[in-house]
Amino acid sequence: MSESALTQDHKDRVRAQFGRTAQDYVTSIRHRTGRDLERLVELAEPTATDDALDVATGGGHTALAIAPHVRSMVASDLTPEMLAAAEAFISGENGLTNVTFKLAEAEHLPFDDASFDIVSCRIAPHHFDDVQAFCREVARVLRPGGRFVLMDSVVPDDEELAAFINEVEWRRDTTHVRSYSVSEWTNYIEATGLVVDVVEPVHRRYEYASWTARSRMTDEDKQALDELILTAADKIHEAFAFTIDEGAIESFDDSKILLRARKPAA
């Protein structure tokens, strides 16, 4: 299968997965609340004259948080059902009138160069098939002086630990491509000419049963994932702080970052 065919297959699986779980992400407490979302808005430094873009908006929570502080917001997503759910949530339930909605691939944003003062993306890039292309597109659509604010899962520099948690994420949701280390993110972003000026750690603890249920795993796949974790080395259990009680996995730690990068002023 060609690379383009593989890419299309992945995007089709993303649309299918998130199309059937769209409303779950709108109502997810993890996605719609939290100090990390407030901090992301702070890092974006929104002003009343800014035009903003939220990439892979999902349930629309980041777009909703930034939109009241800017002139205009575009909420974009790959999945039509997700975008429709976000529109109902933002424009319908919350009544915002300065938000428009656009189907878009993160790696091929359908916007002119230098269109936005702010680009945001929260808890999504681990699903992208080419994050370096995504970073290049962010740099392209930002205006000089613009800000890129990102939040996503990150992995340790230790290759064994990184491979393990990426395997766990993929088994839980096969639209997961890869989580990256902090150094990888910094390198990818700064290769586009943007300058990373803030990197902050965010630690979350996931309740395992609800985390696996949200992706609607089959019983067979859930059992296979349980076995992978239960038989992992002590080093891995310690690194991700898995809690296990009488053979049942209860919770684990997830590491994320908040990152801001700026496009140098012309």
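Coordinate-derived values only; no laboratory data. Remember, predicted model here, so these are calculated numbers, not experimental data. Note that we place each Cβ from the backbone using ideal geometry, even for glycine, and neighbour counts take in every protein chain shown.
Per-residue answers, yes or no, for (1) closer than 25 Å to Ala52 by Cα; (2) part of a helix (DSSP H, G or I); (3) of a type in the set (Val, Ile, Thr):
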| site | (1), (2), (3) |
| --- | --- |
| Asp113 | yes, no, no |
| Arg136 | yes, yes, no |
| Arg140 | yes, yes, no |
| Gly145 | yes, no, no |
| Val149 | yes, no, yes |
| Ala163 | no, yes, no |
| Glu167 | no, yes, no |
| Val177 | no, no, yes |
| Ser183 | no, yes, no |
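Of all residues in the range 115-134, those that are in contact with a Pro (Cβ under 7 Å, 6 or more places away or on another chain) and either without any contact (Cβ under 8 Å) to a residue 12 or more places away in the chain or not in a helix (DSSP H, G or I) (or both) total 1. Collect the residues in the range 212-241 that are under 29 Å from Arg39 (Cα atoms) and surrounded by fewer than 18 Cβ atoms within 10 Å (Cβ to Cβ), keeping them in residue-number order. Once the filter is applied, which keeps residues that are under 29 Å from Arg39 (Cα atoms) and surrounded by fewer than 18 Cβ atoms within 10 Å (Cβ to Cβ), the range 212-241 yields Ala213, Arg214, Glu238, Ala241. Cβ-Cβ distances below 7 Å connect the following pairs, each with a first residue in the range 233-244 that is free of Cβ contacts under 8 Å to residues at least 60 places away in the same chain, a second residue that is outside any loop (DSSP other than H, G, I, E, B) and of a type outside the set (A, V, I, L, M, F, W, C), and a separation of six or more residues or different chains: Ala241/Asp253; Thr243/Glu250; Thr243/Ser251; Ile244/Glu250. The condition of being of a type outside the set (D, E, K, R) and in a strand (DSSP E or B) holds for only one of Ser210, Ser255, that being Ser255.
Among the residues making up the range 37-88, those that are under 22 Å from Phe128 (Cα atoms), assigned to a loop (DSSP other than H, G, I, E, B) and not hydrophobic (A, V, I, L, M, F, W, C) are Thr57, Gly58, Gly59, Gly60, Thr79.
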